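Asker: First, the structure itself, so that you have it in front of you.
The values are calculated or read from the model by the stated rules, or taken from the named source; none is laboratory data. Everything numeric in this text was worked out from a predicted model, so none of it was measured. Cβ: placed from backbone, ideal geometry, glycine included. Neighbour counts: every protein chain shown.
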Amino acid sequence: MPQEQIGVDYSELHRLDSPANRLIRESIWAPEDDIGQQSFTTLAYMDEVIHRLGITGDTHLLDVGSGTGGPAAYIAARTGCRITGVEINEVGVEVAASLVAKAGVADRVDFHRGDALSMPFADGGFDMALSLNVMNVFEDKVALFREVRRVLRPGGRWMFLSGTFDLDEGDADIRRRLARGYLIPQFYDSLDGYKAKLQKAGFRVDEVLEYISDFRTQVGRWGAAYRTHRDAIAVEQGEENTASHIDYFDAYLSMIDAGRASNHLILSTAPA
Ligand SMILES: C[S@@+](CC[C@H](N)C(=O)[O-])C[C@H]1O[C@@H](n2cnc3c(N)ncnc32)[C@H](O)[C@@H]1O
């Protein structure tokens with residue numbers, strides 16, 4: 001797996017109002033479905049998250065890798081809950097703060113710049129934690145899961161949505177095409193790998209749900225948007241990043257179609 005820093009971070013992509021990002025987003029989302037998510041996450045997934053976790057107005061929820069804050073704003077508005085996001089990218093934190101202010105939920109949602117592997121939060125302060133399309137960036141997933149467990153109250157629930165891959169030693173080329181990922185290095189895992197690592201970190205795995213057909217649509221739309229607006233995107237994100245992105249989305253689709261990549265929602269519970 002790649003160890004060196006490759007690609008770029010999310011700063012360019014997180015400037016939601018830039019010319020290239022507007023073009024990308026208009027290609028992917030109907031206006032009512034664009035809530036400022038920076039992922040393959042759809043409203044249907046977010047409603048499922050709310051339902052499965054049982055989020056209510058009394059919940060204090062942690063959002064790991066909160067991006068530009070769209071999912072947090074949506075969930076807070078739908079449920080009345082309190083949300084704290086942790087996000088490593090400074091542009092993401094800034095855009096997220098303005099997005100929740102516009103959504104009228106800034107009194108219940110805040111974002112902290114920080115590394116999810118070492119969160120700036122006290123032990124046991126959150127009822128639940130969620131993460132949407134972020135897990136691939138963590139090389140040491142057990143360390144991440146232990147850190148989530150530290151900030152959850154005993155018996156707190158932890159749920160994440162992530163692409164899952166079945167890769168083996170013969171997959172050097174596909175690994176190379178996927179490695180740069182969604183702008184930053186990616187460390188893919190299988191569903192069984194995730195389950196084993198959750199258990200190693202002390203979580204009980206409660207439920208696993210697969211969401212594949214809608215996910216394939218989303219990956220396809222991101223790829224088509226990059227292909228259609230290639231020149232405008234290259235102005236902001238660079239020619240090399242744009243080309244490798246297109247290749248990344250193509251490789252992802254080929255893996256989905258071969259039945260070797262999927263998208264799972266994994267629910268677990270911390271020890272009481
Ligand atoms: C694909 S985006 C998903 C954002 C958001 N969850 C959503 O669905 O809109 C992944 C996010 O993870 C953030 N990230 C990457 N490494 C991180 C880390 N070590 N700690 C916290 N956030 C991180 C990235 O900056 C990016 O905003």
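Yes or no, residue by residue, for (1) crowded, with 23+ Cβ neighbours inside 10 Å; (2) basic (Lys, Arg); (3) part of a helix (DSSP H, G or I):
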residue	(1), (2), (3)
120	no, no, no
127	no, no, no
136	no, no, yes
146	no, yes, yes
149	no, yes, yes
154	no, no, no
161	yes, no, no
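Asker: Can you say whether residue 48 is of a type in the set (D, E, K, R), out of contact with any helix residue (DSSP H, G or I) (no Cβ under 8 Å at 6 or more places or on another chain), free of Cβ contacts under 8 Å to residues at least 12 places away in the same chain and not in a strand (DSSP E or B), as far as the supplied structure shows?
Answerer: Values: of a type in the set (D, E, K, R): yes; out of contact with any helix residue (DSSP H, G or I) (no Cβ under 8 Å at 6 or more places or on another chain): yes; free of Cβ contacts under 8 Å to residues at least 12 places away in the same chain: no; not in a strand (DSSP E or B): yes.
The answer is no for residue 48.
Quick grid of which residues meet (1) touching a residue at least 12 places away in the same chain (Cβ under 8 Å); (2) surrounded by 14 or more Cβ atoms within 10 Å (Cβ to Cβ):
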{"position": "176", "(1), (2)": "no, no"}
{"position": "201", "(1), (2)": "yes, yes"}
{"position": "210", "(1), (2)": "yes, no"}
{"position": "219", "(1), (2)": "yes, yes"}
{"position": "230", "(1), (2)": "yes, yes"}
{"position": "247", "(1), (2)": "yes, yes"}
{"position": "252", "(1), (2)": "yes, yes"}
{"position": "256", "(1), (2)": "yes, yes"}
{"position": "263", "(1), (2)": "yes, yes"}
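Asker: Please work out if residue 126 is touching a residue at least 40 places away in the same chain (Cβ under 8 Å) and within 10 Å of the ligand (Cβ to nearest atom).
Answerer: no
Asker: Moving on to the next point. Please indicate, with yes or no, whether at least one residue in the range 41-64 is within 14 Å of residue 160 (Cα to Cα), among the small types (Gly, Ala, Ser) and either within 7 Å of the ligand (Cβ to nearest atom) or surrounded by fewer than 22 Cβ atoms within 10 Å (Cβ to Cβ) (or both).
Answerer: no
Asker: So, in the range 87-109, how many residues would count as being within 10 Å of the ligand (Cβ to nearest atom), in a helix (DSSP H, G or I) and farther than 13 Å from residue 72 by Cα?
Answerer: Here the count works out to 2.
Asker: May I pose another question? Within the range 11-65, work out how many residues are over 21 Å from residue 131 (Cα atoms) and among the acidic types (Asp, Glu).
Answerer: Qualifying residue count for the region: 4.
Asker: Right, next: Taking residue 112 and the conditions (1) more than 10 Å from the ligand (Cβ to nearest atom); (2) more than 27 Å from residue 219 (Cβ to Cβ), which numbered condition does it fall short on, given that it satisfies the others?
Answerer: Status for residue 112: all satisfied but (1).
Residues checked against (1) farther than 28 Å from residue 60 by Cβ; (2) within 16 Å of the ligand (Cβ to nearest atom); (3) touching a strand residue (DSSP E or B) at 6+ places or on another chain (Cβ under 8 Å); (4) at pLDDT 95 or above:
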{"site": "132", "(1), (2), (3), (4)": "no, yes, yes, yes"}
{"site": "136", "(1), (2), (3), (4)": "no, yes, yes, no"}
{"site": "140", "(1), (2), (3), (4)": "no, yes, no, yes"}
{"site": "157", "(1), (2), (3), (4)": "no, no, yes, yes"}
{"site": "171", "(1), (2), (3), (4)": "yes, no, no, no"}
{"site": "198", "(1), (2), (3), (4)": "no, no, yes, yes"}
{"site": "203", "(1), (2), (3), (4)": "no, no, yes, yes"}
{"site": "206", "(1), (2), (3), (4)": "no, no, yes, yes"}
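Asker: So if I check each of 26, 90, which one is more than 18 Å from residue 103 (Cβ to Cβ) and free of Cβ contacts under 8 Å to residues at least 40 places away in the same chain?
Answerer: 26 is the lone residue from the list that is more than 18 Å from residue 103 (Cβ to Cβ) and free of Cβ contacts under 8 Å to residues at least 40 places away in the same chain.
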